[in-house]
Every structure is written in C-alpha cells, then in structure tokens.
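Here's the structure, in structure tokens; my notes come after.
The values are calculated or read from the model by the stated rules, or taken from the named source; none is laboratory data. Everything quoted here is computed from the prediction, not taken from an experiment. Please note: Cβ atoms are built from the backbone with ideal geometry, for glycine as well, and neighbour counts cover all protein chains shown.
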Amino acid sequence: MGKEILFALVLCFISLPIAPNLAQQILPEILLPVLGISVSVFTAFRNTQAYNRWWEARTLWGGLVNSSRNWRNGLLGLLPNDSDRTAELNKLLGLQVLLVWTLNGELRGSYHPTCARKIDDLRLQLGLEKNSSSQDLLQLISAELLKLCDLGRIDGLGRLNLLNVQEETCNSLGGLERIRNQPLPVSYDLFIKAIVWIFSYLLFIRLDSMHDPGGALIGFICLFGFVLAERLGAYTENPFKIPAAKIGSYDTELVKEFFVAVVNNSGLTLHIRQLAGVNSHHIVEACFKAFARALRLAVEIDPRRAGAIPSSKGVLEQAGQAHT
C-alpha cells in the first residue's frame, strides 16, 4: 500500500502544472459521471465478493474449532476410565491438534517458525512422517477410531457420533480449501485496479482545474480514498496469509535482488511474472526453474543456424566484453 501512495503523490505532483490544459483536452463533461458510476459498481461488486469470501472462511474456521472441541468432549465421555485412557486420549487429541495446525499451514502456504517446531515435535511424539498432510491425518484418525471400536474401547454408537464430528471437520476443511483454490480471476483484479486508478487520476485533474488552490488537495484525498478502497478489497479477497517472508532461514525478499543482480551484471532483459500461487517455496522454485529453462533456450545452439550466435542482434561490445 505504501508504494501506491508514494506513486499517487508523485503522479499528482507532476500533473499540477498541466492539470488545467489536460482537463480541457481529455475530460468532456459526461465522462467523469459515467466512469464514476462504472467504477463504483465494479468496485462494490468485487469488494462484496471479497468480504463474502473472508466471512465464509472465518465461519468455516470457527466451525473447525467447534468440531475439535466436540471431538475432545466426545472422547472424554466415551473412553473408559482405566489405565489405557490417558495414552488413547493423548494420541487422538494430538492427531486432532496436528490436523488443525497442518491445515493452517497448508492454507497459508507456510508455517510460523515456532509453530513449525511444535508441529515437528508433535509428529515425532506420535510417530508420524514429517510430510504428512491434512488428508493423511484425517484417514489416520478414522483408522484409530476403527481400532478402538474393534478393541471394544468404544461402542458402535459412540464411534458413529465421533465420525459425525469428523464429518463436520472434513466439511470445514473442504470449504476452506475451496476458498483458497478458487480465488477471483487475476484479470478481473487487474481490471478493477486499472479503472480505479484511471478514474481517480482524472478526478484529481478535474478538481485541480476547477478549484484553485484547494482543488489539488481535495483531488488527492479522493484519489487516496478510491485506491484505499480498491486495495482493501484486494487484501480481503484472500482471507489467508500472504506467502511467507521466509522459507526456512531464506529471506524471500532476496529472490528479487538475486535476479536484479543477474540482469545488471549480464546485460540481459528479464521479465518474471507470478500469475498464481500461495506457497512461497513453490513460487520461488517456479521462478528459478522458469529462468533456467528460458536461459537455456536463449543460449543453446540452434541446429538450423549452426555456428551462429543465437541472437537476432548479434554481438554487442560492452566494457570490453562481448554479450549476446
């Protein structure tokens, strides 16, 4: 958001000397009202959809928490009070806790370092593999319930009640995954952002040309308000955390700096765009793989042009070194 505000300030400041002439040339009287109505409709629709996604995710997560409490209470009421009770409770409650934590990490695309350590410790205590997913844990919980029922520790009716609780958990899990996997189209987000910026800038130009000297300030406040509303909608769209700032001990901010250094020191032109993705590890991995494949295609020998430089521009001399 800070970059957008800084850009808006610079844009408005640069436009101050030309605002009156620009307003006369590109702003017929009917344009701003029509464009303003369109922006309001599209932005309101997107923000409403974003809020609905956010609220549904919060509702589903609340349902997951409640079903976990029901799971605990059901186990406490069904397991017999004997010497095996503590071990069985610890295992089944530990699996449920691990399920919720694992789902949290899957939805957010990363784990908080402290949470990751606790998850690893809990998996070690339960004797599970480190890469067990939420689906694996659901299946394991069902298998443990069946084992307890076969051993006579829980009767059939009690097992059915606990399976109903797990069904609620599974429904919440599926709903949360649906929200994560089906975001609003990227093209629609870009369209909303573009029309909001165009309308806000034109509104600034009009107000600056009509009201001197306070028009520029009013125009900038209006621009800021529209951009803020658009950004809030974009933020609310994803009710889960943005990709992690770190992958293990690796700072993801260094990815951009690495490629900037490559470009500056090699003299090549490079464009990397992230069209989708929520897991930081997979996003970074895709960037490096795509770069490697593109670089290989750019420098490998073309059998149709044996012995020729694989470049339409030939060889460029720069600082005494040859670059393609």
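Pairing each residue of the range 148-174 that is on the phi < 0 side of the Ramachandran plot with any residue that is of a type in the set (A, V, I, L, M, F, W, C) and outside any helix (DSSP H, G or I), provided the two are 6+ apart or on different chains, yields C-beta distances under 6 Å for 148/154. Of the residues that make up the range 151-173, is at least one under 20 Å from the mean Cα position of the chain (by Cα), modelled with pLDDT of 85 or more, assigned to a helix (DSSP H, G or I) and under 29 Å from residue 116 (Cα atoms)? For the range 151-173, residues under 20 Å from the mean Cα position of the chain (by Cα), modelled with pLDDT of 85 or more, assigned to a helix (DSSP H, G or I) and under 29 Å from residue 116 (Cα atoms): present. Among the residues of the range 59-68, are any more than 30 Å from residue 229 (Cα to Cα), within 25 Å of the chain's Cα centre (by Cα) and loosely packed, with under 14 Cβ neighbours inside 10 Å? Yes, the range 59-68 contains a residue that is more than 30 Å from residue 229 (Cα to Cα), within 25 Å of the chain's Cα centre (by Cα) and loosely packed, with under 14 Cβ neighbours inside 10 Å.
Can you go through 254, 217 and tell me which one is within 23 Å of residue 40 (Cα to Cα), surrounded by fewer than 15 Cβ atoms within 10 Å (Cβ to Cβ) and at pLDDT 75 or above?
Working: 254 fails: within 23 Å of residue 40 (Cα to Cα).
That would be 217, the only listed residue that is within 23 Å of residue 40 (Cα to Cα), surrounded by fewer than 15 Cβ atoms within 10 Å (Cβ to Cβ) and at pLDDT 75 or above.
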